[in-house]
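The values are calculated or read from the model by the stated rules, or taken from the named source; none is laboratory data. Treat the numbers as computed from the prediction; the structure is a model and nothing was measured. Heads up, the Cβs are rebuilt from the backbone with ideal geometry, glycines too, and the neighbour counts pull from every protein chain shown. The accessibility values were calculated without ligands, DNA or RNA, using every heavy atom of the protein model including side chains. Shrake-Rupley method; radii C 1.70, N 1.55, O 1.52, S 1.80 Å.
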Amino acid sequence: MICKQARGAVKLIFVFTFLLCATSQASADIIDDIKLKTAANGEVDAVIKFTVPVQRLRYFPPGKTQYLVIYFNIVDTVPKDQWQDYESHRSPPSELIDKFTVTTRDLNTGPKIEIQFSSPVEFSMKASKDGRSLKLHIKQDSVAQAKPDKTALTAEVVTPTVALPVIAATPTLPAVPQPPAVAGATAKLAAAGSASSPKPAPAQLGGKDGLPAYPDIAQQAANIPPSGSLTLQEQIKKADGEAAVMMAKARDALLAGQMFAAIEAFNNTLKLPANMYSQDAQIWIGIAREKSGQQGKAILEYETYLKLYPGGKEEKWVKDRLSKLNAARPAPVAAAALPEKAIAQNSELHYTEYGSFSMYYYHGASHTDTVATVGNVQTPSSLTVTDQSSLISNVSMTARAYNEEFDNRLVFQDFFAANFLPGQKNTNRLNAAFFDVKNRRHNYSARIGRQSATGGGVLGRFDGVSAGYGFLPDWRANVVAGRLSESVIGSKPVFYGVNLDFGLRDAIGGSVYSIKQTTNGIADRTAMGGILRYFDQRKTAIAMLDYDTQFQAVNMFTVQGTLNRASGTDYNFLVDRRRTPSLSIRSAVNGTTTSVETLLQNGWSIDDLLKLANSRTAISNMAQFGVTNHIREKWQIGTDVSVANTTGLSASGTLNPDGSTGVEGFVAATPATGNTWTISERLIGSDVFSSRDVSMCSLSLTKSPTITGKTLLLNSHSYFREKWTIDTTLRLYWQNDNAGGTQTITSPMLKMGYQLKSNLTLDAESGIEWTRVDSSALQSSRINRKYISMGFRWDF
């Protein structure tokens, strides 16, 4: 055991050293983390956490699938040139569900994420309270059928933390034997029954170890009659066969020490019509609950047995066990009261490491033919250029050390682009590099290093520390301090702030915060704000406000909400008003080459800087309403209507007659954009062109004061062979402007993927884009751009 701990410590030190050697440039990646949370009934919630506020619009397909698409809004400003298409993250290892990957796609047409599971899962989408997450609820059948992962996190990720109570005068249940090899899940049991090789004898439970005898189900697990019109005797036989499958699965889970998986299997047995295993399942679910630390629930299960089966074959054992449990008086839970073996088991740190690495080569070249007409004379010209040649690598690594009390993590995420074009520089962006400690018993947590903002008025990634303490069930206090790591004009600001979360377990809750940000010793941003939310499974509403007390102006105000009707119709809305960029003293030098320090040295006061910053900060407004209708199982239609505008800016600064500027620089006036209206219709279906495909057709119309545009998008994702996936996309765009110009774009794309191994996927993509631009009667252009990418993703 000491050697195991030493190896784990060496791994953590290695990763931490790797973090310290990384560069410190920031990125705009939006996926922050993926967490798995297990409920008491064994079902799993997969929480996909983002670095920015998001609003879920729709997802498809519903029900059971191996491939899932989720469309959402980014309730923040993410520049398109910093959006990472194909940003990919893998889920933590788990005993209960197979791994899956989450990939970002198509900011221009979404945005959306694609989730690829290793096998089909039954799921439902759940609302998120924090406004920065999407929550996927993996249902019981999928959990029960998932294959165990040898590197599973059995403390925080898979199994709920259960305190080990000490019951005076109550004998401990006999230990479940641990055989050298445990029979697999039910599928393996059934396969063994039909294989030509001899079937291994299953390990036995109970009988001679102080526990009731476990039923012999080895010969019956595969005897399930086919579905259809069954006689009464066939229905009884079918229930017995299904119960046998569940009882075999529960036995295997007990032998492997997976008590919650066993409880779930017993529950599934008891949900079936009365069968030959119902009585045994009622006893053994009590035993499993007792072994998992749920003494109160175990008593209820034993009492249920006595009510349902008076005079049952194990009535004496159950009554004897109940008398001992009810007579026992709980003693205070203390480390000294626990047996040495239990103390060692609970305090021992376990280690696991997981992550992913991807590398893709991108190449793009364009050919442009232009015809200019001057004095009825046409002058053609051509230009061919390679506009992209780069090798892009992404790495995401997590090392975790955990026990019943602590869950500590080291996280590293980095992006590197090797640019092969002449005169172009390589780019390295460090997305995350932090150490995270969490104490479950005392409800505190802390994180230090490069990390993403989780609210509290922090604007972007930062290098620093954040910490929180839950002092009441529904209240949590948090502090944060650090230096912004995003690329900004001038020096990077330093900040510190506090926030208070309330109503953590209630339908109505939220948070309030106060933050102060400085640059070169002067106040750059001083703000107060908060979030107010209402949350239940069918209705949600979130309001966010950020008010800058230094500028005495609202920096950001957002209201969003969803309504999910039982009829299958979903509604969503979003109203957003924000300063672009966010209000700060540094906005005074937007669009110039000067700096705040230079202005201060030349006699500018803080009030002067505030006025100049305010005049160089626009206001963007956006409102959106969407509705989604589920048409049977395989079809979904969605409609989105939005209107957006950005205010204009008057000229600011000093422009001298000789073309020189004042010390504050000069920024020309910017006209207001006017209202841009967009209406989009999206039809999504499954099994349209082939089995298990997901296909989408989208048509949108955009109209602004200067242009009118129409877009038709066709996309399909399908499995045309085992281990092979194919994505096809066709985008058509037509545009007219007020000056009489036109533009058309035709862009087909083909992407293929091959799963070489369970943890290694190869991808290749190729596309062509034909663009025709007629800006006036005097000039027209034809642009032909071809691009290709190929690479791999390795999950470890």
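A few comments on the model shown:
- Over segment 501-545: Kirkwood hydrodynamic radius from C-alpha pairwise inverse distances, Å: 12.2
- Long-range Cα-Cα pairs in segment 384-491 (distance over 16 Å), rounded percent: 69
- Taking 0.36 nm per residue of sequence separation and removing the Cα-Cα distance, the Met359/Asn376 pair yields an extension gain of 0.9 nm.
- 32 Å Cα-Cα threshold exceeded, pairs from Lys238/Lys757; Lys49/Lys751; Lys238/Lys297; Lys64/Lys786; Lys425/Lys492: Lys238/Lys757; Lys64/Lys786
- Residues within the reach of a label modelled at Tyr571 (point 7 angstrom out along Cα to beta-carbon, backbone nitrogen below 18 Å), restricted to segment 49-79, are 56-58.
- Rough spin-label spacing in nm, given labels placed 7 Å along Cα→Cβ, for Asp45 and Gln235: 3.7
- Between Glu303 and Lys634, the modelled labels are 5.0 nm apart [label points 7 Å from Cα along Cα→Cβ].
- Length added when fully stretched, Val385-Ile508, from 0.36 nm per residue minus Cα-Cα: 38.6 nm
- Of interest is the spacing of the C-alpha centroids, which for segment 112-136 and segment 447-523 amounts to 26 Å.
- Total formal charge among the other residues, if their Cβ is under 14 angstrom from that of Thr454, Lys/Arg +1 and Asp/Glu -1: +3
- Reachable aspartates and glutamates, given that their alpha-carbon falls under 12 Å from the alpha-carbon of Lys634 and they are not under 8 places away in the same chain: Asp687, Asp693
- Per residue, the accessible area of segment 483-622 comes to 46 Å², computed with a 1.4 Å probe over protein heavy atoms only.
- Split the accessible area of segment 227-299 by element, probe 1.4 Å, and carbon with sulfur accounts for 55%.
- C-alpha center-to-center spacing [segment 690-717, segment 755-783] in angstrom: 16
- Around Tyr754: net Lys/Arg minus Asp/Glu count, Cβ-Cβ under 12 Å: +3
- Theoretical gain in end-to-end length, Ala623 to Phe406 [0.36 nm per residue, Cα-Cα removed]: 73.8 nm
- Rg [Å, one decimal], Dmax [Å, integer] - segment 614-688, C-alpha atoms: 22.3, 70
- Computed from the C-beta positions of Asp687 and Leu421, the FRET efficiency with R₀ = 51 Å rounds to 0.75.
- Point-to-point label distance, Val663-Ala477, nm (Cα→Cβ direction, 7 Å offset): 4.4
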